[in-house]
Every structure is written in C-alpha cells, then in structure tokens.
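Colleague: Right, I'll just put the structure down here and ask away after.
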Amino acid sequence: MLLTNKEEHIEFLNDILGQAKKLVAEGHGVVATLVMSQLIEIMGSYLDAKPMRSREQSTTRFNTAIYKLFPIKYSKANRKSFLYYQLRTSIVHTLTPTCSIVLKNGTSEQHLSEKDEITEIYTGNLLNDTEKALQILIRLINEDKIKLKKLAAGEVE
C-alpha cells in the first residue's frame, strides 16, 4: 500500500509504536527495543530531504531523531553515536545488547544512567520517550512542517 496522505503516514507510525507497546507489556524488552530503535530511525527519515529508502542513512537518521525529538539526556548518552550502535545496530543485527548496556524492564529515574561504563536503559522509559518523540513528529506532520515522502508499507498487526 502506498502511503499518500498525513493520516496514512500517522497511522503507519502509530502502528509501529503500538507493536512496541504490546511487546513491552508482554515483557519482551529486547524485541521491543529493536522495534523502537527502528522507529527512531524511521522518525529521523521524516526529518531529512532524502527519499525514504535512501541508502546509508541509518546513523544520520537515528541520530537526527535523537537530537531533534528526544529529551536532552538522550543526546548526552548518544555521544559518538553510542545509542545508535548499542540499540539500533547491535540489537537489530544480533538481537542482543552489547556489554556496554543493560536493558531492564519497567521504568526508573536511573534510565540512561551510567555505572562502571555500563548504561542502564529501561524499556518503559524508552517507550514513553519514543511515544513523546512520535507525538512531536506527528504534530510537525499535521502542521505541514514535514514534507511527506513516498512510502510503500504493508500491514503492521
């Protein structure tokens, strides 16, 4: 299905977030983090002028979304693309975090805290912040501050 209007793009984005919410609720933190990491990259793709399926844009798009849509603590944690490599690259390619992060279920004020060079990431916090970031992006789409790109998407159930 070719997404042709704001409503379809917003539904597409919300469907992905819905899958992450379901996975978090079921206690599948690693897979939920994989889905959220991909969603972060997708959100970044809405913020640049390149076609949606442009090659070699993963790092740039993930980082752009982190810097423009997420709270400042994410920018600080993403020094040298740390979050990109720990979340997006490692989990997407191997379905496992690296020894530099610990994924924990639930929420905590300790989210994105570093202890002994290991960053603690709570999937509940990541989900909440991803949802808020998506709300910012959706507002920009609705205000016509984002030029929609051609995107073919299948069903996300």
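The values are calculated or read from the model by the stated rules, or taken from the named source; none is laboratory data. This one's a predicted model, so the numbers in the text were calculated from it and none came from an experiment. Don't worry about glycine lacking a Cβ; one is built from the backbone with ideal geometry, like all the others, and counts go over all protein chains shown.
Colleague: Which one of these is of a type in the set (A, V, I, L, M) and modelled with pLDDT of 90 or more: A133, A49?
Modeller: One residue alone meets the criteria, A133.
Colleague: Output the number of the condition that G27 fails; it satisfies all remaining conditions of (1) over 19 Å from K147 (Cα atoms); (2) at pLDDT 95 or above; (3) among the small types (G, A, S).
Modeller: It fails just one condition, (2).
Colleague: Okay, moving on. Against the condition in contact with an Asp or Glu (Cβ under 9 Å, 6 or more places away or on another chain), in a helix (DSSP H, G or I) and under 15 Å from L137 (Cα atoms), how does F12 come out, does it pass?
Modeller: Considered against the rule, which asks whether it is in contact with an Asp or Glu (Cβ under 9 Å, 6 or more places away or on another chain), in a helix (DSSP H, G or I) and under 15 Å from L137 (Cα atoms), F12 comes out as no.
Colleague: How many residues are in contact (Cβ under 8 Å) with a residue 60 or more places away in the chain, among the polar types (S, T, N, Q) and surrounded by fewer than 16 Cβ atoms within 10 Å (Cβ to Cβ) if we restrict to segment 99-139?
Modeller: 1
Colleague: Pairs under 8 Å by beta carbon, first residue on the phi > 0 side of the Ramachandran plot in segment 17-46, partner assigned to a loop (DSSP other than H, G, I, E, B), six or more apart or different chains?
Modeller: Final answer for the pair search is G27/N105.
Colleague: Then there is this: Taking segment 100-109 as the search range and keeping residues that are of a type in the set (S, T, N, Q) and either in a helix (DSSP H, G or I) or closer than 21 Å to S90 by Cβ (or both), which one is modelled with the highest pLDDT?
Modeller: Of segment 100-109, the ones of a type in the set (S, T, N, Q) are 100, 105, 107-108.
With either in a helix (DSSP H, G or I) or closer than 21 Å to S90 by Cβ (or both) added as a condition, the list becomes 100, 105.
Values: S100: 88, N105: 91.
So, considering only residues that are of a type in the set (S, T, N, Q) and either in a helix (DSSP H, G or I) or closer than 21 Å to S90 by Cβ (or both), the one modelled with the highest pLDDT is N105.
Colleague: If I91 meets every condition in (1) assigned to a loop (DSSP other than H, G, I, E, B); (2) touching a Leu at 6+ places or on another chain (Cβ under 6 Å) apart from one, which number is that one?
Modeller: Among (1) assigned to a loop (DSSP other than H, G, I, E, B); (2) touching a Leu at 6+ places or on another chain (Cβ under 6 Å), the lone unmet condition for I91 is (1).
Colleague: For segment 92-120, give me each residue that is aliphatic (A, V, I, L, M) and closer than 26 Å to F12 by Cα. Please lay out each step first, then the result.
Modeller: Residues of segment 92-120 that are aliphatic (A, V, I, L, M), as a first pass: 92, 95, 101-103, 112, 118.
Within segment 92-120, V92, L95 meet the criteria.
Colleague: Across segment 48-72, which residue is surrounded by the most Cβ atoms within 10 Å (Cβ to Cβ) among those that are without any contact (Cβ under 8 Å) to a residue 12 or more places away in the chain and outside any loop (DSSP other than H, G, I, E, B)?
Modeller: Among them, the one singled out is Y67.
Colleague: A further question follows. Considering only residues of segment 73-98 that are aliphatic (A, V, I, L, M) and within 11 Å of V30 (Cα to Cα), which is surrounded by the most Cβ atoms within 10 Å (Cβ to Cβ)?
Modeller: The extreme case among them is L87.
Colleague: I'd like to check something: does segment 112-135 contain any residue that is in a loop (DSSP other than H, G, I, E, B) and either under 17 Å from A25 (Cβ atoms) or in contact with a His (Cβ under 6 Å, 6 or more places away or on another chain) (or both)?
Modeller: no
Colleague: Condition (residue is aromatic (F, W, Y) and over 26 Å from L148 (Cα atoms)) applied to segment 79-101: is it met by at least one residue?
Modeller: Checked segment 79-101: at least one residue is aromatic (F, W, Y) and over 26 Å from L148 (Cα atoms).
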